[in-house]
Structures are given as C-alpha cells and as structure tokens.
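Below: the structure, in structure tokens.
Just so it is clear, none of the values below were taken in a lab; they were calculated from the coordinates. Remember, it's a predicted structure, so these values are computed and weren't measured experimentally. Methodologically, a virtual Cβ is constructed for each residue, glycine included, from the backbone with ideal geometry; neighbour enumeration extends over all protein chains shown.
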Amino acid sequence: MSPDVSWSQAETPLGGFLSVVTDEATYRNLVYLVISVLLGGIYAVGLGGGFLVGITFAPILVGIPIIIVTIVLGRWGSALERALLVRLVGVQLSSPRDVDPYERGATPKWFKQVLTAPSTWKGIGFLVIKVFVGFVGSLLLLMFGLVIASLLTAPITRELILLGFWRIDTLWESVLVMPLGALLLLVFMHVVNWIATICTHLGRALLQGTHAAS
C-alpha cells in the first residue's frame, strides 16, 4: 500500500461498530446513564411529591411555599444536569442569564425572576424527561447487564442459563454463547451513546442559556 493512502478501520461499517469499545466518550456516557438512573428517581420523588403536596394544600395557602421551593429546587436540578452534560458528555452549554446573578438570597425580586424565567420551566421540563430516561436506563442496565454477564460467564455458570428453549449445560455450548454476550455488549454500548445523543439534543433545546434578565 502506498504511504500516501491511509486506511482506518473505523471508516468501515464493522470498524465503526467495534470502535465504540475504544472510544472514551462511551464510558463517560455510561457513567452519565448510571447517574441519570439515580437522579431520575430523585426527580420523580422531589418534583412529583413537591408539586402534588403543594397543589393539594394550595387552597389553605400552605402549599404555595412548597410549590415555590419545588420550583427553585427544580432550577437547581437543571443546573446540575447542565453541568453533567458539559463535564461527562462534552456538550457546550452556556448558563442561562434570565435570572440576575447579583440578585441573590430569598428576595421578592429574585423569586419573581426565578418563577417567570423561561430557563426555569425549560429546566423543569428537562428534569421530567430525565425521569423517563432514568426509568428506561434502569431497565437497560438491568436487562442487558444480567444477560451479558450470564453469557460472558457461561463457562462458569452454564447450568444456570436458559435461553428460550435452549438450556446451556455443556462446556462447548457455554463457549459458543460467549461471542453472543460480546455482541450484546457492543450493542449496549451503542445504545448508551444513542441515549447520550438524545440527552444532548434535549439539553441544547432546554438547558441552553437564554437572554439576560430584565
């Protein structure tokens, strides 16, 4: 081959499929997915519980402060999500400027800005979506994790594995299914990157900085 001609394995379909293993971003996206699973449950309880309790007791005015606190916490949660996308996924996101950073503390002006800022409600919308991402991520981690671990450790635990109608109870069968486990691992890595890509687009749409506060 001429030295002027370069050939990269990643340029082929198979090379692109396999390159996910050596891509550092894949593992950062996996960490992001694991964190999303944990935070998704917190958002579900925090936002769902806060708004539910707040709306329930709003007629007697007790619920109004609860709703406000929930909204403020939601804004802080969206700031955390923005930081995770920037640090782990590598998304370039600017902080919103529709709340005056110099107006700190529990002042009426600051609360008014927080409650009326578009970034607050877009951020809460992102958190609601992340609840579903966390749920889907937990299912993927559980199902893929169990299946992949079972297939890759088949020579050790072969008598405990049952794939449909096929009971794996011999050494040659357990060795035969190991490549299937490796294939599923590659598929799982691509799914992780796909989820991170979706969160990237959502982050740019909902967490990107907006116009300055007036």
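Summary of values
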quantity	calculated
Per-pair calculated FRET efficiency, R0 = 45 Å: Arg87 and Leu171 via Cβ, rounded to 0.05	0.50
Cβ-Cβ FRET estimate between Met143 and Phe57, R0 fixed at 35 Å, reported to 0.05	0.30
Net +/- balance of residues flanking Asn193 in space, Cβ distance below 11 Å, scoring K and R +1, D and E -1	0
